[in-house]
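The values are calculated or read from the model by the stated rules, or taken from the named source; none is laboratory data. Just so it is clear, the model here is predicted, and its values are computed rather than measured. Neighbour counts run over all protein chains shown; Cβ positions are idealised from the backbone, glycine included. With ligands, DNA and RNA removed, areas are computed over all heavy atoms of the protein, side chains included. Shrake-Rupley method; radii C 1.70, N 1.55, O 1.52, S 1.80 Å.
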Amino acid sequence: MRSEHSRALLLATQVTGGSTSQLERRLDRSMVAISVDAEMPQSELAARVLITTLRRGPGHLVLIRDRLPTRIVDALLAACAAVDPTRPLRVARRAPDDLTARVHVGPSLPGQGIRVVPDGCGAHLVGARTAVIRPARAGNALGAIYAAALGAGEVFKHTARVVTRRRVVHRHLRFCPVTLSTDLSRSPALQGPMLLGLALIGIGAIGTGIVLILSELDAAGTILAVDRQRYALENRGTYALGGTAEAESAPWKVDLAQQTLPRFDVIPFPEPVDALVKAIDSGRAPWLPLVLTALDSAEARRDAQRLWPDRLIDAATGDTMLGLCDHRHGVDPCMMCAFPVRRDEPSGVERVAERLGLPVELLASAETVLTEHHLAGLTESQRSRLTPHLGKPMCGLARAVGLTELDADGFMPSIPFVSLQAACLSVGRLLATHLDVDTPGNFVQYDSLIGPQTASIETMRKWQGCGCTTRARAIETVRAGRAISRS
Ligand SMILES: [Zn+2]
């Protein structure tokens, strides 16, 4: 197993119950066959993202040629080889006998397999042979990439043999990352070209997913791209962009974003987030009122909050969980409310544990499932707050209430389908903002192995002791100054 796959392996041992070496052999020997219905809108994009996402992990991949046009076969082979030419996509006339999983990018498949179909901004994922997929409309690029990310997650349940209690094998899943609902007809039609202006802070596993989606949408505009690092070999196994060439040439991640987004005016800022705040106030970088963050530490999130934008959409992953925190200035909890610094005062965990009426140790026990028995003796409001989380593990509850101290290293980079689903949620919220779609909640999270149909969608309130409330006037002055220098 290569070092770039070690994260997936580490994660997978937690959900499969097997030893590392057993799992390593299983993943290395796995054989996944992919077929594509070229007639379906966005099928080529969905197939390319599915194949490259799978190629970032171990195992064998076979493309079933069927009647697929040569141009598409060649494009898929090239995309896969760009990730890792030493483990090519094999082309075959029919599915091999010793398959671990079979995926079809399209609505119909004779025989058993996983089917993925984009539908507007959302996607269908079907595992049941008898389920019929009738898309309400043609998929767009977000729908296609979300379909691919869901498909790669479904494949992983088979290749890693995820234990039953940690996963749901879907019969017919529908979900839209814009409306956060299973009703795909509610997602807005995208009228291109969309004009977007935003800062993207963090171009890692989730950030490259965001760049990929933006590059495929009919959109243009200005993006301030912020990341202090260069691309490295270990990124190939977890990111949505880059492969062997980038692992060798090691471009700045901001430059990789710029190359991927030719329709946008990308302003690269290859420095840390705290340097960006200084650069904006000295006129060396523009202030953009819309910020997407994809960061791996609470500290970096708090630094990003000091930009005090109109809106900050923070995407995150941890193990198999993913989610977002949506901050509208003056309305929602800021990153400092959500990710408080530990001091002598009660920590975020203690404060939240007290509010929820649960012991700190219970909240910190990530795998423990919340049951009715934990609610005994709580107040009516504590009970009603916790009831939606019954049957879910504590790690989910902790994330739903914005706790990160529980995993001191912050959010770990995940296997790529988890990060890519987080990127889809983030761009989904961006599009909802852009199109004025009413979206529920300011905290959203779900377990990628269980599925978005059980997502926790919550409206968290500001912490009254936070600087966003106690220093509200000073913050308004800072914001006004930045808005003036912008105009
Ligand atoms: Zn705050």
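Residues in segment 101-138 that are basic (Lys, Arg) and not in a loop (DSSP other than H, G, I, E, B): Arg102, Arg115. Filtering segment 142-199 to residues that are of a type outside the set (A, V, I, L, M), closer than 13 Å to Gly120 by Cα, open to solvent by less than 20 Å² (accessible area, probe 1.4 Å) and in a helix (DSSP H, G or I) leaves Gly143, Tyr146. Taking segment 462-480 as the range and being more than 10 Å from the ligand (Cβ to nearest atom) and either surrounded by 13 or more Cβ atoms within 10 Å (Cβ to Cβ) or under 30 Å from the mean Cα position of the chain (by Cα) (or both) as the test, the residues that pass are Glu476, Val478, Arg479. Here segment 289-308 is the region considered, the condition is being buried (at least 18 other Cβ atoms within 10 Å of the Cβ) and in contact with a Pro (Cβ under 7 Å, 6 or more places away or on another chain), and the residue that is nearest to Leu420 (Cα to Cα) is Asp296. Arg228 meets all of the listed conditions (1) at pLDDT 95 or above; (2) open to solvent by less than 50 Å² (accessible area, probe 1.4 Å) but one, namely (2). Of all the listed residues (Asp84, Asp74), the sole one being open to solvent by 20 Å² or more (accessible area, probe 1.4 Å) and not small (Gly, Ala, Ser) is Asp74. Of the helices (runs of 4 or more DSSP H) contained entirely in segment 323-385, those carrying at least 1 residues that are surrounded by fewer than 19 Cβ atoms within 10 Å (Cβ to Cβ), within 16 Å of the ligand (Cβ to nearest atom) and at pLDDT below 85 fall at 348-356. Residues in segment 431-482 that are touching a Gly at 6+ places or on another chain (Cβ under 7 Å) and either β-branched (Val, Ile, Thr) or without any contact (Cβ under 8 Å) to a residue 12 or more places away in the chain (or both): 3 in all. A residue that is within 30 Å of Pro88 (Cβ to Cβ) and surrounded by fewer than 24 Cβ atoms within 10 Å (Cβ to Cβ) can be found somewhere in segment 262-280.
Against the condition within 16 Å of the ligand (Cβ to nearest atom) and out of contact with any helix residue (DSSP H, G or I) (no Cβ under 8 Å at 6 or more places or on another chain), how does Asp310 come out, does it pass? The answer is yes for Asp310. Residues in segment 268-315 that are within 24 Å of Ser487 (Cβ to Cβ), part of a loop (DSSP other than H, G, I, E, B) and among the charged types (D, E, K, R): Arg284, Arg306, Asp310.
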